[in-house]
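*Asks:* Sharing a structure here in structure tokens format.
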């Protein structure tokens, strides 16, 4: 049986209008073709940062069979996150300067397991009509969201 995964979206210091737009857009993408959200674990402001943590069976990341490194599963990422008209492109098109926010999409591992820092993978969003996820070497603690 396929196990669910834990993901986290981090938006650094958004305005109230941006928060409303981000939450509304996330809601528009929470069904199967988008994020396929099973459960929203957190949708909170923490130290002025918007955190949306969710569980999904959709695979946005996979282990590279040659290196055991966690890498982007490009088909899912393109069809739900970065392709034209998808989640990050939609946020970009809202004309609310969301593209000026430091934004991160994070893979936190299998939802059914306790935290394993070694499996956590972080990508910084580069907004455009066809947004890009750039892998960064950091930890949840170093994002300074708490």
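The values are calculated or read from the model by the stated rules, or taken from the named source; none is laboratory data. Since this is a predicted model, take the numbers as computed values, not measurements. For neighbour counting, all protein chains shown are included, and Cβ atoms are generated from backbone atoms with ideal geometry for every residue, glycine included.
*Asks:* Any idea which residue in the stretch 114-146 is surrounded by the fewest Cβ atoms within 10 Å (Cβ to Cβ), counting only those that are in a helix (DSSP H, G or I) and either in contact (Cβ under 8 Å) with a residue 60 or more places away in the chain or within 16 Å of the chain's Cα centre (by Cα) (or both)?
*Replies:* Only one residue tops the list, namely 119.
*Asks:* Looking only at the stretch 40-66, filter to residues that are in contact (Cβ under 8 Å) with a residue 60 or more places away in the chain and more than 13 Å from the chain's Cα centre (by Cα); which one of those is farthest from residue 107 (Cα to Cα)? Don't jump to the end; show me each part of the working.
*Replies:* Initially, the stretch 40-66 is screened for residues in contact (Cβ under 8 Å) with a residue 60 or more places away in the chain, giving 46-47, 49, 51, 61.
Of the ones still in play, those that are also more than 13 Å from the chain's Cα centre (by Cα) are 46-47, 49.
Working: 46: 19, 47: 21, 49: 18 Å.
Only one residue fits best here, namely 47.
*Asks:* Moving on. Condition first: in a strand (DSSP E or B) and modelled with pLDDT of 90 or more. Can you find one or more residues in the stretch 65-76 that meet it?
*Replies:* The answer is no, given that none of the residues of the stretch 65-76 is in a strand (DSSP E or B) and modelled with pLDDT of 90 or more.
*Asks:* For the list (1) surrounded by fewer than 18 Cβ atoms within 10 Å (Cβ to Cβ); (2) modelled with pLDDT of 85 or more; (3) in contact with a strand residue (DSSP E or B) (Cβ under 9 Å, 6 or more places away or on another chain), I need the number of the one condition that residue 47 fails.
*Replies:* So residue 47 meets the others, but not (3).
*Asks:* Another question, if that's okay. For residues in the stretch 79-113 being touching a residue at least 60 places away in the same chain (Cβ under 8 Å) and assigned to a loop (DSSP other than H, G, I, E, B), which is surrounded by the fewest Cβ atoms within 10 Å (Cβ to Cβ)?
*Replies:* 112
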